[in-house]
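In what follows, a single structure is set out as structure tokens and then discussed.
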Amino acid sequence: MPTLSLCLIAKDEETQLPSCLESVVDIVDEVIVLDTGSTDGTVAIAHQFNAQVYHFDWIDDFAAARNVSLEHASGDWILVLDADEQLVPGAKAMIQQAIQAEDCLVVNLLRQEVGAAQSPYSSVSRLFRKHPKVRFSRPYHAMIDDSVADLLCDEPHWQIAEIPTVMIYHQGYQSAAIAHHNKQKRARVAMEKFLAKHSKDAYVCSKLGALYVQMGEVAKGQRLLMQGLMAINANQQQDKVERNNRSHDKRSDNVAIAYELHYHLGIAYRRQQQLDNAQYHYEQALEQPLLESLKLGAYINLGSLKQLTGDLSSARQIYKQAIAIDPEFVIAHYNLGMTYKAIGQFVEAIAHYQKAIQLAPDYAEAHQNLGVASLKLGQLSQALAAFKQAIALHQNNNPQEAHRLSQALKSMGFNL
């Protein structure tokens, strides 16, 4: 059986680290923790799990840190996790099977983004053979993809595999985690430095452009995303010219980046109320040949756009497609309930609100709209119970909505 090393970089992760390391017990043969300046109990916790702990002076470069961690690993294979990630229960058998393939170089893992409502999955190259030419690049969103592409040109016998079921839970996209680590500011600084020297890099255009849009600088983000699309198109033309002269091309890399560029351009145009352009880019995103689970964000946003423009039939069909891909996709059930409610099919609406609540019990809006649909059907006790729960949940996160809903119900003669 090939040996497996976990490589992890960390700083002040005493809260998250135990869950991460517990998830790899009996799976990895050694744990390498590269500490980048912790002042809390991170190092002590790592030692409790018998990790080999090394220290690294932080230089605003995640790739540099990850590559140092690789140098300390002795396993045949490397598994890379962050402290806010855990392997799913049952991962051991699938990972062990994957790394026994003689010609396999990289195994792409499906990661569930806990707290990311619209794009709940991503594919990450975090399981790979220890090879001197496999190294991370890029200071932020560090990845091995560039080095792997170069290596495959020289050593074409290697294969890339994937495990299509979720292998990693990622907690880092929850709002509290983002605020705690000030991720947006760190990401912006690192990527802007990289972009200054690599203006035609489609990947950084995608990531930084999306960040600008998220931070409210929509026009700036849109320009950078379009710049990325131009770079992708140039790469594809160059690839056609060179494909016969080399054994590997980057079409698979370009597909994933193209999806991200179109998806975030759809968001940018939607925020600018340019709905036709938004629809075009969401549709282009969906045409990319990726795992369908990786495209759920585009499905849900295109459905919402159809809903906004009154095309409820198309919206309903799109949400059904999303649910077929992932039956536990909460927002798809909620949005499908909203389309059914809009056309007066309250029984169907209630079924999807209830499913959304089953999957996410604290979903205040689902409780609230369950109350509306139940009231429409004359199910008074069910409606009042749903409204009461919605008000209680809104009190924590949106007290103004809790007050508005209470007043609206009072005006109807209901005093909750």
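The values are calculated or read from the model by the stated rules, or taken from the named source; none is laboratory data. If you're wondering where the values come from, they're calculated on a predicted model, not measured in any experiment. Here the Cβ positions follow ideal geometry from the backbone for every residue, glycine too, while neighbour counts run over all protein chains shown. Just the protein is used for accessible areas: all its heavy atoms, side chains included, with ligands, DNA and RNA removed. Shrake-Rupley method; radii C 1.70, N 1.55, O 1.52, S 1.80 Å.
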Under the 7 Å Cα-to-Cβ spin-label approximation, I59 and N397 lie apart by a distance in nanometres of 4.2 nm
Between [x] 29; [y] 23; [z] 15, the structure-derived percent of Cα pairs over 38 Å apart is [x]
Taking Rh as the Kirkwood radius computed over alpha-carbon pairs of the range 48-200 and applying Stokes-Einstein at 37 °C with viscosity 0.692 mPa s, one gets a diffusion coefficient in µm² s⁻¹ of 193 µm²/s
For K133, the lysines lying under 20 Å Cα to Cα, once residues fewer than eight places off in the same chain are dropped, come out as K250
In the chain the accessible area split gives carbon plus sulfur, as whole percent at 1.4 Å, a share of 49 percent
Phi angles of the range 358-363, converted by Karplus (6.51 cos²θ - 1.76 cosθ + 1.60, θ = phi - 60°) into ³J(HN,Hα) in whole Hz with x for Gly and Pro, give 4, 7, 9, x, 8, 7
As straight-line cross-link partners of K341, the qualifying lysines (C-alpha separation under 29 Å, not fewer than 8 residues apart within one chain) are K295, K306, K320, K355, K376, K388, K410
Karplus ³J(HN,Hα) for the range 313-329 (6.51 cos²θ - 1.76 cosθ + 1.60, θ = phi - 60°; Hz, whole; x = Gly/Pro) runs 5, 5, 4, 4, 5, 5, 5, 5, 4, 4, 5, 5, 6, 9, x, 10, 7
Phi angles of the range 66-77, converted by Karplus (6.51 cos²θ - 1.76 cosθ + 1.60, θ = phi - 60°) into ³J(HN,Hα) in whole Hz with x for Gly and Pro, give 4, 5, 5, 4, 5, 5, 8, 7, 10, x, 6, 10
Expressed as a whole-number percentage, the relative contact order of the range 18-143 with C-alpha contacts under 8 angstrom and at least six residues apart is 28 percent
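Suppose only helical runs count, i.e. DSSP H with n ≥ 4. What mean residue ellipticity at 222 nm does that imply for the chain under -39500 (n - 2.57) per run, divided by all residues and rounded to the nearest 500 deg cm²/dmol?
It lands at -17500 deg cm²/dmol.
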Projected onto the charge dipole of the range 48-124 (unit charges on the beta-carbon of Lys, Arg, Asp and Glu, signs +1, +1, -1, -1), the Cα from A116, V88, F62 with the largest positive-side position is that of V88
Packing-ranked peptide list from 277-284, 389-396, highest mean Cβ count within 10 angstrom first, is 277-284, 389-396
